[in-house]
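Each remark here refers to the structure printed beneath this line.
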Amino acid sequence: MSCLRDSISQMDPSLQELIEAIENASTLTLLILSAWHLARVLAVRIVEEALTERAQHPTHWPNCPKCGKRLHSKGFVGRQITSVIGIIRWKRRVGRCPYGCKIGQIAPLDNDLGLLPHQRTSVELQRLGCLLAIFVPFETVAVLLNCLVSVRVSSTAVWHWVQGAGGKAIDRLNRQLAELAAGQLPQKESLDEAIGVLPLLMGADGVMVPFRPEGGKGRTVWREVKVAVLARLGRRSKSNEPQLHQRRLVAVLGDIDVLRPRLWLEALRQGVLTAPQVVWLSDGGVGFWSLYAACFAAYAIGILDFYHAVQNLWKGAKAWLDGRSRKARLWFASARHRLRHGETDIVLNDIAVALKLDGLPETARKALKNLYEYLDTHQYHIQYQRFKELGLPIGSGMVESACKWLIQQRFKGVGMRWSETGFNHLLHLRLAWVNGRFDGLFPLEDSPNC
Ligand SMILES: [Zn+2]
């Protein structure tokens, strides 16, 4: 037998069985698993030993929170925590008030260890559970934790962790929004030099999410979540396909007015004031364009999704030129081509001329008038020839898929229905993850950066 296994078994004969399992392992897999089992048992022993030692140190008793008298020890009381290495048990001194105030259990060692009074699982286990919960349902998280680290927890426990961490993420955001409202600009996120020179691309979209009705019973209520994406727009070196770097998402269950400060905060962080070029790319949603006008028009080139513009063009052509007739198709094809190649004026002129025609049916007039106003409103946002020359995308597909991913992948599983609170907690945890701010929610180091 090797020195290490030998000495472990001499130190603690109760581990003999686990060491024999290592000796008897016939395959590499069994060897690894049995060694891991021993390692976990040893890890728990080491932690328990260290905790028992610390519990013997003299205790500095705080004063009673009710009467202010210095607490006394009422002796050692057991404590248990479920962790990634297994269940850890130890005993530590608990205080009591000499005047008998009802103050619950006060254990200074718990405090020193960073434990909260009712905490039953350790932070690194909660972090792992929350990380899994970002991608899979809570029940699956419980199953996966058992598979991955042999720890048994309920899906309700996972749900509580998500509430805790998601709540922290929401508080953090609210603090930052309050600071911004008070005139304090957020710190710009650091960027690689090569990324910092790329255009900053922004866009937003609405995605529907199924919610439980009030009272819990009845039909699903679909509500719109507004999602915005900010990213640096690069190109793949081989294919020259567009590629997003430093992708950041903003999302909110609420209207445009609630989205606005959140998006502005993130835009400042992503360098909207200093980026060499800023681009806003969106489909025809009026709310998002009013947000663009209010916040970004001074900094950004606005691009109306080309396919959205073309769809409207076709609607107008159909109403004007007798449905799907050859005439309608021909005009549509030429107008589409003109739109794409910087001849928007000619398209607008065509429509203006048509609007003056005698005998134009009222429905056609209305459709054409809408089309004219739409193109006219967006005249600066439909200069597709110029956008192409600048190397900018003219379709908002990238924006839409980034937005949809955030919601689709986790919130729209079969039979899923959310409460507003439950949704918000998980949404903010997911946002923290995609935006690279997840670790700040779990203090694993001495000085957490949250
Ligand atoms: Zn007291």
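FYI, it's all coordinate maths here, none of it is from the lab. None of these values were measured; they are calculated from a predicted model. Virtual Cβ from ideal backbone geometry, glycine too; neighbours counted across all protein chains shown.
Taking the stretch 290-329 as the search range and keeping residues that are charged (D, E, K, R) and over 14 Å from Arg365 (Cα atoms), which one is surrounded by the most Cβ atoms within 10 Å (Cβ to Cβ)?
Asp305
If a residue has to be surrounded by 13 or more Cβ atoms within 10 Å (Cβ to Cβ) and in a helix (DSSP H, G or I) to count, how many in the stretch 357-378 make the cut?
Residues that pass the stated criteria total 12.
Within the group Gly302, Gly342, which residue is on the phi > 0 side of the Ramachandran plot and touching a residue at least 24 places away in the same chain (Cβ under 8 Å)?
Within the list Gly302, Gly342, the selection yields Gly342.
Testing Gly86 on (1) under 39 Å from the mean Cα position of the chain (by Cα); (2) at positive phi; (3) loosely packed, with under 13 Cβ neighbours inside 10 Å, one condition comes back false. Which one is that?
(3)
Which of the residues spanning the stretch 92-119 are among the basic types (Lys, Arg) and loosely packed, with under 15 Cβ neighbours inside 10 Å?
Lys102
For Val250, state whether it is of a type in the set (Val, Ile, Thr), within 13 Å of Val399 (Cα to Cα) and in contact with a strand residue (DSSP E or B) (Cβ under 7 Å, 6 or more places away or on another chain).
The answer is yes for Val250.
Of these, Gln176, Gln163, Gln187, which one is surrounded by fewer than 16 Cβ atoms within 10 Å (Cβ to Cβ) and either closer than 30 Å to Cys64 by Cβ or not hydrophobic (A, V, I, L, M, F, W, C) (or both)?
Being surrounded by fewer than 16 Cβ atoms within 10 Å (Cβ to Cβ) and either closer than 30 Å to Cys64 by Cβ or not hydrophobic (A, V, I, L, M, F, W, C) (or both) holds for just one of Gln176, Gln163, Gln187, which is Gln187.
Would you check if Ser122 is in contact with a strand residue (DSSP E or B) (Cβ under 6 Å, 6 or more places away or on another chain) and within 19 Å of Gln163 (Cα to Cα)?
Considered against the rule, which asks whether it is in contact with a strand residue (DSSP E or B) (Cβ under 6 Å, 6 or more places away or on another chain) and within 19 Å of Gln163 (Cα to Cα), Ser122 comes out as yes.
Go through the stretch 294-330 and count every residue that is more than 37 Å from the chain's Cα centre (by Cα) and part of a loop (DSSP other than H, G, I, E, B).
Of the residues in the stretch 294-330, 5 are more than 37 Å from the chain's Cα centre (by Cα) and part of a loop (DSSP other than H, G, I, E, B).
If you go through the stretch 268-293, how many residues are in contact with an Asp or Glu (Cβ under 8 Å, 6 or more places away or on another chain) and in a strand (DSSP E or B)?
Number satisfying all stated conditions: 2.
I need the full set of residues from the stretch 99-145 which are free of Cβ contacts under 8 Å to residues at least 60 places away in the same chain, in a helix (DSSP H, G or I) and within 25 Å of the chain's Cα centre (by Cα), in order please.
Leu125, Leu128, Gly129, Leu132, Phe138, Glu139, Thr140, Val141, Ala142, Val143, Leu144, Leu145
Select from the stretch 47-105 the residues that are within 16 Å of the ligand (Cβ to nearest atom) and aliphatic (A, V, I, L, M) and write down the one among them that is nearest to Glu124 (Cα to Cα).
Val94
Considering each of Gly203, Gly215 in turn, give the residue that is within 18 Å of the chain's Cα centre (by Cα), small (Gly, Ala, Ser) and not in a helix (DSSP H, G or I).
Gly203
Take Val153 and tell me if it is surrounded by 12 or more Cβ atoms within 10 Å (Cβ to Cβ), more than 16 Å from the ligand (Cβ to nearest atom), of a type outside the set (Lys, Arg) and not in a helix (DSSP H, G or I).
yes
Taking helices (runs of 4 or more DSSP H) that fall entirely within the stretch 1-63, which contain at least 2 residues that are in contact (Cβ under 8 Å) with a residue 40 or more places away in the chain and among the charged types (D, E, K, R)?
Working: elements: 3-11, 16-24, 28-56.
In the stretch 1-63, 28-56 are the helices (runs of 4 or more DSSP H) which contain 2 or more residues that are in contact (Cβ under 8 Å) with a residue 40 or more places away in the chain and among the charged types (D, E, K, R).
Could you check the stretch 347-371 and list, in sequence order, the residues that are over 13 Å from Ala319 (Cα atoms) and under 45 Å from the mean Cα position of the chain (by Cα)?
Val347, Leu348 - these are the residues of the stretch 347-371 that are over 13 Å from Ala319 (Cα atoms) and under 45 Å from the mean Cα position of the chain (by Cα).
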